[in-house]
Each structure stands twice: as C-alpha cells, then as structure tokens.
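To start, the structure itself, in structure tokens.
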Amino acid sequence: MDRKDFFSSGMKDLTRKAYRSAPGRWLDQNLLAVSNLLNPLWGKEQADSSDPNQESQQIHEPRKNTGLPRPPGALTDAKAFKKTCTSCGDCIVACPYGAIFQVPGAYGPVLDPNHIACHLCEDFPCIDSCAEGALLPLEEGALPGFGQVILDADACLNAHRKKGERYCKECQNECPIEGVIKYDARGLPEANDTCTGCGLCVESCPTRALKVE
C-alpha cells in the first residue's frame, strides 16, 4: 500500500468510526437539521408528496413515509432491503458529494435529488462500500433511477427570453446523459424517459425551475 492509499483508507476508517460513535450520530443528525432548516420547503415537500397507499414508480423502493429514493443499487424489495441493510452509514461516508443521508425516525439511507444531486459516479463508491449486499453492483451500462425531472415553465429563464437573447442551457450542459434534455420551440427544456432523476439539472438551474418527482 502506497502513502496515498494509506492516508486515504486511514481517513475513511476514522470517518467511519466517528460516524458510528454516539457523538458522530448526534453531529450527523444536527447537521442534517441545519441543512433542512436552510431549505424550509424541503420538509413540507416530503410531507405533501408521501402517500402510503401509492406504489412507487421508481427503480429503487423509496424509504417508508418519506417518498425519498434509496441509494444506487439498493435492493428493490423494501423488506429485503431493511433485513439486509444494517444502517451502518458506510454508504453515507463513501459518497464524495454528501448526497446520501439518513432521516431521523425512519430506517436506512436515502437521497433527495432536489436537495443534493447524485453525481452518478463512475465507480459508485456507495455501492462498493456496502459489505452487507443491500446495495448491489449495477449491470453493465445501467444507471440508477430516482424519478423524473419536471419543469415549472413560468420560472424558466427561457420563457421570458427577449428577442435576440441567448437561450439558457445550464440544465442540458450539466445533464450527465447525452440526449436526455432537449428544447422546444420556445426554448423550454424537456426531459425524455431516459432521465434518471439524478438532480444535477436541478442544482444547475439558476431559477430552480426544475424539480425531480
């Protein structure tokens, strides 16, 4: 093991131990609370969107009572996931973008693409970190699915573009999958069915006109 790998794995071990400790759990929950406080609509959106009688149309089973999707590679059967996942936090620590977290009062890791985007990492460190098999490697060429992006047309800059002004194409530029986002005659973005709902376009939109459902 070279010096770089030694410090890299050493830091991961320290971070993992800190997360699993009582102070680490307390800090994680309070940082999440502060984060949600800075985005006050987040909690309301989850409460409004949760429907215990509605079946999920997402690739990954959402966490019960939250409507939020599981991390990439999550077992699709909710009971099997809960039985397999130990809620150890390894995937949370492994995510380089902080996109995976836990919600107090509910079980296991989730994502909120409208809050923090999944960057669809090439090596999926979250999956690699899961020793229990709750997150399984994806098939060759497959991508996780978290939902579908929709547009609030009135909030889009292109809806109010003056003649001669350039179209805003931030969402298309940030989309990691070629051909997902195209523009209609008005310059409004449309996402096709291959959209993963990763949330990168949501993050890039200057007016927050996009949302993953």
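The values are calculated or read from the model by the stated rules, or taken from the named source; none is laboratory data. Computed from a prediction, not measured in an experiment: that's the story for all the values here. Here the Cβ positions follow ideal geometry from the backbone for every residue, glycine too, while neighbour counts run over all protein chains shown.
Per the listing Val202, Val110, the residue uniquely in contact with a Lys or Arg (Cβ under 9 Å, 6 or more places away or on another chain), of a type in the set (A, V, I, L, M) and not assigned by TED's automatic domain parsing to the domain that holds Lys82 is Val202.
Within region 170-213, if we keep just the residues that are part of a helix (DSSP H, G or I) and free of Cβ contacts under 8 Å to residues at least 60 places away in the same chain, the residue that is surrounded by the most Cβ atoms within 10 Å (Cβ to Cβ) turns out to be Cys201. Quick check on Gly145: is it loosely packed, with under 13 Cβ neighbours inside 10 Å and out of contact with any Lys or Arg (no Cβ under 9 Å at 6 or more places or on another chain)? For Gly145, the condition - loosely packed, with under 13 Cβ neighbours inside 10 Å and out of contact with any Lys or Arg (no Cβ under 9 Å at 6 or more places or on another chain) - is not met. Of the listed requirements (1) surrounded by fewer than 19 Cβ atoms within 10 Å (Cβ to Cβ); (2) closer than 19 Å to Gly199 by Cα, Pro113 misses just one: (1). Considering (1) in contact with a Gly (Cβ under 7 Å, 6 or more places away or on another chain); (2) in a loop (DSSP other than H, G, I, E, B); (3) more than 29 Å from Cys95 (Cβ to Cβ); (4) in contact (Cβ under 8 Å) with a residue 24 or more places away in the chain, the lone condition that Tyr167 does not fulfil carries the number (4).
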